Structures are given as structure tokens and as C-alpha cells.
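Peer 1: Would you mind keeping the following structure in view while I ask a few things?
The values are calculated or read from the model by the stated rules, or taken from the named source; none is laboratory data. Predicted, not measured: the structure shown is a model, and the values here were computed from it. Cβ placement follows ideal geometry from the backbone for every residue including glycine, while neighbour counts extend to all protein chains displayed. For accessibility, only protein heavy atoms count, side chains too; no ligands or nucleic acids. Shrake-Rupley method; radii C 1.70, N 1.55, O 1.52, S 1.80 Å.
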Amino acid sequence: MSAREKLNELKDLWGFKTDNELADHLGITKFALDNWVKRDKISNEWLLKIGQMTEKKSNSDDTDLYFIRKTTSVKASAGGGNELEGVRSYQTGELMPIAKAFFKVPPGKNLNSMEVEGESMMPMLRSGDWVIFREDGAFAGDGLYVVNFSDQLMVKILQLTPRGMLKIVSVNPNFQSYEIDLNETQEHFKIVGKVVKSIV
């Protein structure tokens, strides 16, 4: 999506007719907004701010949509060290509109969406399906999760075994499932959040 298209989408969402109205709402000059269009680029800092403002708007009663941040499953730039990248490193700056009726109850905050890649979760999830997950970094009972494994986001089933080990399950029998001890430091594995909805 170009910067112009993104700004037009925001004007439609917030009910503005002109770029001047949009600039005033964002707290910037019309000149700065014109530069975004000229360069066809909105900085990551401003994309994050706009995303936060959009979430506030989407949580009000005057819209039937939630706007959920999109993430990419593969990190665009290489990371270093043993610390796994936070989910913000994977955010695209784009938003996915989802009808509020899609959720039985309000899904809460810190939601992200991610496109599924690969065949490890077939037939439950296929490549190209989407999941919506709550970014809290916690294990909240057996279920479907987004995890960070060696700086790559992926979708897996997590189950706690009677021995206190966390089983990481690939539904497709052609892919390996494995266990880890959550009490030990995990250099290459981190829970990102539990999936609250799948879009298949």
C-alpha cells in the first residue's frame, strides 16, 4: 500500500475529507504529510503512532471494525546475540480490519495478526491462512500459540505434559514435534502469545 493510499484509508476511517484535517488530527503540518506522499514512505515511528490511534478509534462504539496490527512470520533483517527479537521487530505497520461480530466477546488489547506459512499445521491451518493472537508472552493453558523459534515466528500447538514439560506439536505428522523444559533458560524459544482466532 502506498503512502497516499494509506492516508486516504485513514481519512475514510476517521471521517475526514481533506489532508489538512488529517494533518491537524495527527498533530503535524500539511507540509510534513505532503512529504510522506512525495517520498511514498511513512516512518516506522509514525506507523506505530497511527496504529495506536487507530486502535483507540476501533475500540469506540462508532465503528463495527477492529484494526489489528499485521506481523510478518520471518524477520526482515538479521538479529544478533541470544536475545530473541520482540514482536515489534516483526510488525509491518499495516492494519487488518476485522468485523467486531467475528468475536463472541471483545478480544482485548495487544492483538496482532499473522499469515501462516508452511505445511506443518495442515490440515488445521494451511499456508495463507491467518491467525489473530494476543501478545502477552505467557503460557495460558493448552492451545494454539505463536512462538518465536530462532528469531522466526511460527504457529504451533503447545501442551503441558504430566512431567511438566512443554510439548510443541506440529499437526502434520510429516513434521517433528518436540518437548522443552520451561524451567530452563531457552535461548532459541519464546512464547509470543496465544491465538484467539483463526481465519481460514
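Peer 1: Within segment 82-95, is even one residue at pLDDT 75 or above, open to solvent by 40 Å² or more (accessible area, probe 1.4 Å) and farther than 25 Å from residue 128 by Cα?
Peer 2: no
Peer 1: Among the residues of segment 181-188, is there at least one that is under 24 Å from the mean Cα position of the chain (by Cα), open to solvent by less than 80 Å² (accessible area, probe 1.4 Å), at pLDDT 90 or above and not charged (D, E, K, R)?
Peer 2: no
Peer 1: Write out, first by first residue and then by second, each pair whose Cβ atoms fall under 8 Å of each other, whose residues are 6+ apart or on separate chains, and whose first residue, in segment 104-115, is within 12 Å of residue 67 (Cβ to Cβ) and assigned to a strand (DSSP E or B) while the second is open to solvent by less than 80 Å² (accessible area, probe 1.4 Å) and among the polar types (S, T, N, Q).
Peer 2: Filtered contacts from segment 104-115: 112/71; 112/91; 113/71.
Peer 1: Among (1) loosely packed, with under 13 Cβ neighbours inside 10 Å; (2) small (Gly, Ala, Ser); (3) farther than 17 Å from residue 193 by Cβ, where does residue 140 come up short?
Peer 2: (3)
Peer 1: Continuing with this model, one more query. Can you tell which of 134, 163 is under 19 Å from residue 107 (Cα atoms) and among the basic types (Lys, Arg)? Can you show your working first?
Peer 2: Working: 163 fails: under 19 Å from residue 107 (Cα atoms).
It is 134.
Peer 1: Any residue in segment 175-200 that is farther than 25 Å from residue 69 by Cβ and in a strand (DSSP E or B) sitting within a Cβ distance under 6 Å of a residue that is among the aliphatic types (A, V, I, L, M) and open to solvent by less than 50 Å² (accessible area, probe 1.4 Å)? List the pairs, counting only those 6 or more apart or interchain.
Peer 2: Filtered contacts from segment 175-200: 178/168; 179/165; 180/166.
Peer 1: Anything in segment 15-47 that is under 20 Å from residue 96 (Cα atoms) and surrounded by fewer than 15 Cβ atoms within 10 Å (Cβ to Cβ)? List them, or say none.
Peer 2: Across segment 15-47, the qualifying residues are 15, 41, 43, 44, 45.
Peer 1: Follow-up question, since we're still on this one. What about residue 127, is it within 18 Å of the chain's Cα centre (by Cα), outside any loop (DSSP other than H, G, I, E, B) and more than 22 Å from residue 89 (Cβ to Cβ)?
Peer 2: No, not satisfied.
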